[in-house]
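Read through the structure below, which is laid out as structure tokens, and then see the notes.
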Amino acid sequence: MESILVLTHGNEASALTKASLEAVAAGMGLASRLGAPLSIGIVAADGSAAASALASAGARLLAVSGAAFAQPRYATDAAACQALCRAARASIVLAPESARFARVMAGVAHRLGGFIDTHITALGGAEHVEVTRWFYRQRVEAVLSRAARPWFLLLDAGTHAAFAGAPGSAQTEQVAVELPAPHTTVTGLRAPQQGAQTIRPDAGLLFVAGAGWTKKQADGQVHTSEAGQIILEFLRGSGASLGSSKSLVDQGSEGQPVLPFLTHLNQVGQTGATPRHPKGLSTCCHGEEPHVVGWRFIGERRAISLDPNCGWTRGKADVVYVADAFQVMTKVNALLAARKA
Ligand SMILES: Cc1cc2nc3c(=O)[nH]c(=O)nc-3n(C[C@H](O)[C@H](O)[C@H](O)COP(=O)(O)OP(=O)(O)OC[C@H]3O[C@@H](n4cnc5c(N)ncnc54)[C@H](O)[C@@H]3O)c2cc1C
């Protein structure tokens, strides 16, 4: 019989991350389908405090705690995950594909003689576990199964609903970890300036800016700096994540007007990212196929475009506002500000 372990980690405040809670929900579903025992392992500065969110998960809770686990560090995280896997004797290990765990989990699988698959989007199978992932820039979807155990599976964020059971006091088994002599000391954190971070994978909304923001408008002029202000104000007011079309991010290298806060990391589409957000709003973007393929995992889609024949109106968006995005977004910003006030 399979034995399932979900590895989770805390954030700076020792609370479990959202991606960790998504992995917990995925593990609960798999364990109940297979009738397999479920353990949840926690890596955090205070594992017992983090475990309170899992009080109603109905799983065996294992934790490694201590200041060494407050920050991500390869040596300590790998040792912690290894100790948790050994304590749980798991045949299947699920973990969120966070920056912290993606870095260490292949190494942990190797140390335990296991096998790892990454970017898993779904777990299925009744008797044998089958997992789903995408290949070739999300064009091909494959269903995999493996006989090798332990089998490590890194789950893409946003593919499962996060576990949201009532918090309470939870019985946690503390697992001892033998730490190697430290080579890396974390001296502090350097975060991007407040508001400078525009890519927010956990945001409920993807806001896409297209090249139209920097094109000549009805008055024959470009209004790039006004466009930048409107977009940043909307991001601040809504907490949305910022995506872009290729044309807009390419403009910098072509000597055309640019929005300084955009990079190729913001690009959504065939040669860009395929983010996962429940909702998307496209503005000043034509909705051409190479861009819209990046919207594969966006649920509700709306677009604001001056062109009634743009790609969005051809079945690629649920609602299209044929309107001037400068005017619409200025009004939306005013409504957001009024609501905040
Ligand atoms: C191999 C290949 C790969 C590609 N990969 C990608 C990719 O990964 N991502 C990607 O995005 N593209 C990609 N492209 C490019 C893609 O085909 C389009 O050229 C690009 O998406 C166009 O960007 P855009 O819609 O922002 O710009 P434009 O085509 O210039 O459209 C701007 C739109 O803004 C509208 N507009 C202007 N002013 C306003 C206003 N005030 N209010 C409302 N609307 C306004 C205009 O009506 C127009 O529809 C790829 C192309 C190729 C060939």
Note to self: Of all residues being more than 9 Å from the ligand (Cβ to nearest atom) and in contact with a Ser or Thr (Cβ under 7 Å, 6 or more places away or on another chain) in segment 215-229, which is nearest to ASP307 (Cα to Cα)? Just the residue, please.
What the structure shows: VAL222
Item checked: Whichever residue in segment 276-293 is outside any strand (DSSP E or B) and among the β-branched types (Val, Ile, Thr) and, among such residues, is farthest from PHE326 (Cα to Cα) -> VAL293
Notebook entry, point to check: Could you list, in sequence order, the residues of segment 105-131 that are surrounded by fewer than 17 Cβ atoms within 10 Å (Cβ to Cβ), on the phi < 0 side of the Ramachandran plot and at pLDDT 95 or above?
Noted result: ALA106, GLY107, HIS110, ARG111, PHE115, ASP117, THR118, ALA122, GLU130
Margin query: Taking the conditions exactly as written (over 19 Å from the mean Cα position of the chain (by Cα) and either closer than 13 Å to ALA211 by Cα or more than 9 Å from the ligand (Cβ to nearest atom) (or both)), does THR274 satisfy them or not?
Written below: no
Check: What's the number of the condition SER39 fails, among (1) within 26 Å of PRO201 (Cβ to Cβ); (2) over 21 Å from the mean Cα position of the chain (by Cα); (3) buried (at least 22 other Cβ atoms within 10 Å of the Cβ)?
Finding: (1)
Note to self: If I filter segment 237-265 down to residues being more than 10 Å from the ligand (Cβ to nearest atom) and polar (S, T, N, Q), which single residue comes out as farthest from the chain's Cα centre (by Cα)?
What the structure shows: GLN256
Next item on the list: Among residues belonging to segment 294-336 that are assigned to a helix (DSSP H, G or I) and either among the polar types (S, T, N, Q) or in the same structural domain as THR121 (by TED's automatic domain parsing) (or both), point out the one that is nearest to the ligand (Cβ to nearest atom).
Entry: GLN327
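The values are calculated or read from the model by the stated rules, or taken from the named source; none is laboratory data. Not measured: the values here are computed from a predicted model. In this analysis, Cβ positions are derived from the backbone assuming ideal geometry, glycine residues included, and neighbour counts consider all displayed protein chains.
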